[in-house]
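One structure is given below, encoded as structure tokens.
The values are calculated or read from the model by the stated rules, or taken from the named source; none is laboratory data. What you are looking at is a predicted structure, and each value in this text was computed from that prediction instead of being measured. When we count neighbours, we look across all protein chains shown, and the Cβ atoms used for this are built from the backbone with ideal geometry, even at glycine. Note: areas computed on protein heavy atoms with side chains; ligands, DNA, RNA excluded. Shrake-Rupley method; radii C 1.70, N 1.55, O 1.52, S 1.80 Å.
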Amino acid sequence: MSPAIRAKGAGKKAFINARLLDPVKQTDKTGGLLIEDDTIIKSGADVTEMSVPEGFEITDLNGACLAPGLVDMRAQLREPGFEHQETIETAGKSAAIGGVTTIIALPNTDPVIDDVAGVEFIARRARKVGLAKVFVYGAVSKGIEGREITEMGLLHQAGAVAFCDGVKTISSARLLRQALSYSAFFDGMIVQHPEEPELSKGASMNSGELATRLGLSGVSPLAEVIQIERDLRLVEMTGGRLHFAHISTGESVEVIRKAKKRGLKVTCDTAPPYFALNENAVSDYRTFAKLSPPLRSEDDRQAIVAGLADGTIDAIASDHNPQDADSKRLPFAQAAAGAVGFETLLPIALELYHNEHMSLLEVITKLTRTPAELLRFKGAGTLNEGTAADIVIFDPDRPWKIDPYQFHSKSKNSPFDGRLTQGRVLRTLIDGREIFTEGA
Amino acid sequence: MSVMGPAADHYPHPHLLGIEGLTPGEITLILDRAQHYAEKNRSADKTSNILSGATVVNLFYENSTRTLTSFELAAKRLGADVINMTVGTSSVKKGETLIDTAMTLNAMNPDALVVRHGDSGAVKLLSEKVNCAVLNAGDGRHEHPTQALLDALTIRRHKGRLHRLTVAICGDIAHSRVARSNILLLNTMGSRVRLVAPPTLIPSKIDRMGVEIFHDMEEGLKDCDIVMMLRLQLERMEGSFIPSVREYFHFHGLDRAKLANAKPDALIMHPGPMNRGVEIDSEVADDVERSVIREQVEMGVAVRMAALELLVQNHRKTGGQP
């Protein structure tokens, strides 16, 4: 594998002359950071070349950005069960290059993560691999079959950080009601894939002119908001915490904006394809742009950007979904949905900054602090003293062309193939160990 | 001669994947050539050796006796060697993928592949992996270009033109590749297209393709030059698109009374196979004065001869290099 991914020993390190992006203090200023072993011991404007104590190995970042490592709240690692598509190790390498230091993995593996043993297996594998920190969602229903709830409390105690049914909608109103109401006793969060399953059955792209021209069955964008509106009623009824994953339509943004105003405990995220691409990416039956939810219209894309900018959309997740070539080199309707996302997460998110929709600090906050807060992680998404030294150092301006064949993920299914973009990760540190160094 | 200008002097594409992207001149070129074969097919001397030595493979992933026979006959009348491969959907599932099949056939150096597949876009995907000419014989709900061309030839023979006609395409638009190819062709040639169907069978935003939409059959047929009926594709329907066949025929089946709204010399067309008593009444289907359904079948062979000739000749010139 690449020599770039290796752990340099921890120890006493100082980074100076950084553009320090601190999403907790909400500051964006020149400064530095001191790390001792696995912990941040100091960060701020007063960490300069002059102030670094004796014994620290000093790195001058010459103005490169330094932020907490990215916290990716939606990714599929495909292990166990689908190791030909991705493993915890290849995903960890891919994440390291993308600046992701904490991953929350979906439970739709084989076997499904619906019991304590599954949660422990993932934790053990991730520790052994020693790259990104991996946490899991526990399944909401046994076998993600949508019928009975899992042992949510025990799963939570074993380390499941929240609950979802993978890429399936929790469609039974009764099941979702029970899950929301039961998980409230330990402040659990349920994550919904909002897509009304009956309306979206058999569909492979967004409905509209393009689907009609291509002769593909389309799913109406309303399938998303219909699910969200029903679920909001259940949140109101139960007082549970519900998070909508990868929202993709303008109507969804609008409905969630209103619900938040009413004080409901709802949050949501989106993924880079939904603010950087629209349905035209599937012209010519390009299966790499087949996603779930599907890419939407240009109006929807703009509404997602607006929702990110005004804070309606809380977080940005990669929605990393590795699929091998054989699952994609098929007629469009038969091809698998999904895209790999770790290595394009930061640069595509930075387009929001380069296009002046959001400040750099706002973009970084949605990639670090907000997902960490939603998942109740105290030690991630922060540069606070005493927290784990999980950090990313990046050049926000460096231009490059996305080439999936350079990806470290086992799968190469990216809708951003060939895109010219800006922003490259230079170094990734986890617990003070430098696990990725650009160009090394 | 069409107001859309003269025929193109050559067919510039390596494949025929759809009507989309063809110019009026290219369409006229194919139709002129097909008209030549239509005459020849009625004579005693039906065959030629223009494609002698060429190999044409008919690769059909959906059962179709009519289209397969039409393509086979077209290739044989041009002197080509023909192999028919009918691949059932079930054997596809356990067997090799579409791309593997394409690569395997490609290794045998055919000059043309005629492909029918149940998935939209499948024929285009296959065309990217082979270096012979590919002819789309129908992909999912996307396109069926030779059907639109044979319909156009039939219309032109009766009306003398393809512009300034009003054509009503009626029935199961949602599941029809024939409808999409016909809309594209008729719009390209300068005719007006109306779609007549219950709302559940009209795909979303199809008005953006430049058509008028009617749900009421009598209104939709008013003063039409051509009434093109589509087969109700019950096998492609997931869920309830229509309440019953009886109700469908009552509101949207073509019978004498509804036909009376069209122009007195309106042609009745159907791509076949017909569901008699579902979308069309036998009385109008078999009306020798108005129905050109059998002539459509006849023109099918002629159009496919023209398309195969143009594509294989292109392939021979370039040796398979695009």
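The sole residue among A:A91, A:A139, A:A117 that is under 17 Å from the mean Cα position of the chain (by Cα) and aliphatic (A, V, I, L, M) is A:A91. Out of B:L125, B:L105, B:L98, one residue alone is more than 11 Å from every other protein chain (Cβ to nearest Cβ) and of a type in the set (A, V, I, L, M). It is B:L105. Of the residues in segment A:128-137, at least one is within 16 Å of A:F342 (Cα to Cα) and open to solvent by 30 Å² or more (accessible area, probe 1.4 Å). Each residue in segment B:231-266 was checked for being away from chain A (no Cβ under 14 Å) and either of a type in the set (K, R) or touching a Ser or Thr at 6+ places or on another chain (Cβ under 8 Å) (or both), and 6 pass. Scanning segment B:250-265 for residues that are under 13 Å from B:V196 (Cα atoms) and open to solvent by 80 Å² or more (accessible area, probe 1.4 Å) returns a single hit, B:F251. Here B:A302 fits the description: surrounded by 18 or more Cβ atoms within 10 Å (Cβ to Cβ) and at pLDDT 95 or above. Residues of segment A:205-237 that are at the interface with chain B (Cβ under 9 Å from one of its Cβ atoms) and either open to solvent by less than 10 Å² (accessible area, probe 1.4 Å) or of a type in the set (V, I, T) (or both): A:G208, A:A211, A:T212, A:G215. Could you check, for segment B:49-68, whether at least one of its residues is within 14 Å of chain A (Cβ to nearest Cβ), free of Cβ contacts under 8 Å to residues at least 40 places away in the same chain and not polar (S, T, N, Q)? No. When B:R276 is tested against (1) closer than 26 Å to B:A174 by Cβ; (2) in contact (Cβ under 8 Å) with a residue 12 or more places away in the chain; (3) in contact with a helix residue (DSSP H, G or I) (Cβ under 9 Å, 6 or more places away or on another chain), only condition (2) is not met. On inspection, B:R116 passes the criterion of being in contact with a strand residue (DSSP E or B) (Cβ under 6 Å, 6 or more places away or on another chain), outside any helix (DSSP H, G or I), open to solvent by 10 Å² or more (accessible area, probe 1.4 Å) and within 14 Å of chain A (Cβ to nearest Cβ).
Residue count for segment B:54-87 under the criterion of being touching a strand residue (DSSP E or B) at 6+ places or on another chain (Cβ under 8 Å) and part of a loop (DSSP other than H, G, I, E, B): the result is 7.
When segment A:291-303 is filtered for residues that are over 16 Å from the mean Cα position of the chain (by Cα) and either open to solvent by 20 Å² or more (accessible area, probe 1.4 Å) or more than 14 Å from every other protein chain (Cβ to nearest Cβ) (or both), the ones remaining, listed by number, are A:L295, A:S297, A:E298, A:D299, A:D300, A:R301, A:Q302, A:A303. A Cβ distance below 6 Å, combined with a sequence gap of six or more or placement on separate chains, defines the contacts here; from segment A:272-285, residues that are of a type in the set (V, I, T) reach residues that are open to solvent by less than 30 Å² (accessible area, probe 1.4 Å) in the pairs A:V282/A:M205; A:V282/A:A289.
Here B:A197 meets each of (1) in contact with a Gly (Cβ under 9 Å, 6 or more places away or on another chain); (2) more than 19 Å from B:I155 (Cβ to Cβ); (3) more than 14 Å from chain A (Cβ to nearest Cβ); (4) in contact (Cβ under 8 Å) with a residue 40 or more places away in the chain with one exception, condition (3).
A residue that is on the phi > 0 side of the Ramachandran plot, surrounded by fewer than 14 Cβ atoms within 10 Å (Cβ to Cβ) and touching a Lys or Arg at 6+ places or on another chain (Cβ under 9 Å) cannot be found anywhere in segment B:225-238.
One line per residue, one yes/no per condition, for (1) part of a loop (DSSP other than H, G, I, E, B); (2) more than 27 Å from the chain's Cα centre (by Cα):
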| site | (1), (2) |
| --- | --- |
| A:F15 | no, no |
| A:R19 | no, no |
| A:D28 | no, no |
| A:G31 | no, yes |
| A:S43 | no, no |
| A:S51 | yes, yes |
| A:G55 | yes, yes |
| A:N62 | yes, yes |
| A:A67 | no, no |
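Number of residues in segment A:187-207 that are out of contact with any Phe, Trp or Tyr (no Cβ under 9 Å at 6 or more places or on another chain), outside any strand (DSSP E or B) and either of a type outside the set (G, A, S) or at negative phi (or both): the value is 10. Note on segment B:148-173: residues that are within 14 Å of another protein chain (Cβ to nearest Cβ) and open to solvent by 10 Å² or more (accessible area, probe 1.4 Å) amount to 0. Filter segment B:200-219 down to the residues that are more than 9 Å from chain A (Cβ to nearest Cβ) and assigned to a loop (DSSP other than H, G, I, E, B), then identify the one that is farthest from B:G171 (Cα to Cα). Step by step, filter segment B:200-219, then rank; the result is B:G210. Take the conditions (1) in contact with a Pro (Cβ under 9 Å, 6 or more places away or on another chain); (2) within 14 Å of another protein chain (Cβ to nearest Cβ); (3) closer than 21 Å to A:L242 by Cβ; A:T169 misses just one of them, which is (2). On the stretch given as segment A:256-289, residues that are surrounded by fewer than 22 Cβ atoms within 10 Å (Cβ to Cβ), among the aliphatic types (A, V, I, L, M) and under 30 Å from A:R213 (Cβ atoms) total 2.
Could you please let me know if B:L201 is in contact with a Phe, Trp or Tyr (Cβ under 8 Å, 6 or more places away or on another chain), under 28 Å from A:L199 (Cβ atoms) and buried (at least 24 other Cβ atoms within 10 Å of the Cβ)? When the stated conditions are applied, B:L201 passes them.
Residues of segment A:243-255 include none that is in contact with a Leu (Cβ under 8 Å, 6 or more places away or on another chain), among the polar types (S, T, N, Q), more than 23 Å from A:L352 (Cα to Cα) and in a loop (DSSP other than H, G, I, E, B). No other residue among B:A34, B:A8, B:A44 is among the hydrophobic types (A, V, I, L, M, F, W, C), crowded, with 19+ Cβ neighbours inside 10 Å and more than 14 Å from chain A (Cβ to nearest Cβ) apart from B:A34.
For segment A:313-348, a residue qualifies if it is more than 14 Å from chain B (Cβ to nearest Cβ) and hydroxyl-bearing (S, T, Y), and the qualifying residues are A:S318, A:T344. Tally up the residues in segment A:174-204 that are over 27 Å from A:K290 (Cβ atoms) and either within 13 Å of chain B (Cβ to nearest Cβ) or among the hydroxyl-bearing types (S, T, Y) (or both), please. Final tally of qualifying residues: 3. Scanning segment B:13-48 for residues that are in a loop (DSSP other than H, G, I, E, B), touching a residue at least 60 places away in the same chain (Cβ under 8 Å) and of a type outside the set (D, E, K, R) yields B:H13, B:P14, B:H15, B:L17, B:G18, B:I19, B:L22, B:T23.
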